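The values are calculated or read from the model by the stated rules, or taken from the named source; none is laboratory data. For clarity, every value in this text was computed on a predicted model and none was experimentally measured. Ideal geometry is used to build each Cβ from the backbone, glycine not excepted, and the neighbour counts take in all protein chains shown.
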Amino acid sequence: MTSVVALDRLLDARRIWRGQAIASPSTTQPSGHAMLDAILPGGGWPESALSELLVAATGIGELRLLWPTLARLTVAGERVVLVAPPHRPYPQAWLAAGVDLRRLVIVQAEGRDALWAAEQCLRSGSCAAVLCWPRQADDRALRRLQIAAETGQALGFAYRPLREAANPSPAALRLAIEAQPAQLRVIKCRGGLAPARPLPADAWQ
């Protein structure tokens, strides 16, 4: 007489081996900076994913890093959203960078409301890229942003303080933008090892 054993009980007891699901090949979008694309797996920003930009201080070129991508997207008619930027964007600078301001949306929010707004924009499927500046975001909040970016097939960018580099993150890509000396380091990248050597500031400024 045979007995029926629940599959989850066998898994919990480690009586059977469960393989990993086959991941679909990741795709990327070019950053517009040749030297950066050359060291990133796939040659650009990971699509449908969250990228973290860990910044030593504001105003050290962290926006210039994204301007070529945002210009390309908005000129193509795609929507770009800024959620809770720390300073009011200077229109002339964005125009000079080639960004079509008609396709740029700014959402003013604070705290958990800002995280919620960023998640909803990423998840909506109507935004090509969402930039946010979360002041307090734990691993769970970042994971929600990552899942929302996957769901909405959007580029997600989270600007956070450089000190957060010491903490783990579910983001597909983590870049550290340092001031002294001015350089960019890849801390984590999906699909490959992070390069050991940093990029000088003139590689993206």
- Task: Could you look through the stretch 120-146, keep only residues that are basic (Lys, Arg) and surrounded by fewer than 17 Cβ atoms within 10 Å (Cβ to Cβ), and pick out the one that is modelled with the lowest pLDDT?
- Result: Arg135
- Task: Kindly list, by first and then second residue, each pair from a residue in the stretch 182-205 that is under 23 Å from Pro170 (Cβ atoms) and modelled with pLDDT under 85 to a residue that is crowded, with 17+ Cβ neighbours inside 10 Å and of a type in the set (Gly, Ala, Ser), limited to pairs with Cβ atoms under 7 Å and residues at least 6 apart or on different chains.
- Result: Gly191/Gly42
- Take the residues in the stretch 109-141 that are of a type in the set (Gly, Ala, Ser) and part of a loop (DSSP other than H, G, I, E, B), then tell me which one is farthest from Val75 (Cα to Cα). Ala137
- Message: For a quick check of your reading of the model, give me the residue pairs whose first member lies in the stretch 97-108 and is on the phi > 0 side of the Ramachandran plot, whose second is acidic (Asp, Glu) and surrounded by 13 or more Cβ atoms within 10 Å (Cβ to Cβ), with beta-carbon atoms closer than 6 Å and at least 6 apart or on different chains.
- Response: none
- Item | Test result for Thr74, of a type in the set (Ser, Thr, Tyr) and buried (at least 19 other Cβ atoms within 10 Å of the Cβ) | yes
- Note on the structure: Filter the stretch 147-182 for residues that are of a type in the set (Lys, Arg) and crowded, with 21+ Cβ neighbours inside 10 Å; the one that is nearest to the chain's Cα centre (by Cα) is Arg174
- Here are some residues: Leu63, Leu70, Leu11, Leu54. Which one is assigned to a helix (DSSP H, G or I) and at pLDDT 85 or above? Leu70
- Is it fair to say Leu82 is assigned to a strand (DSSP E or B) and free of Cβ contacts under 8 Å to residues at least 60 places away in the same chain? yes
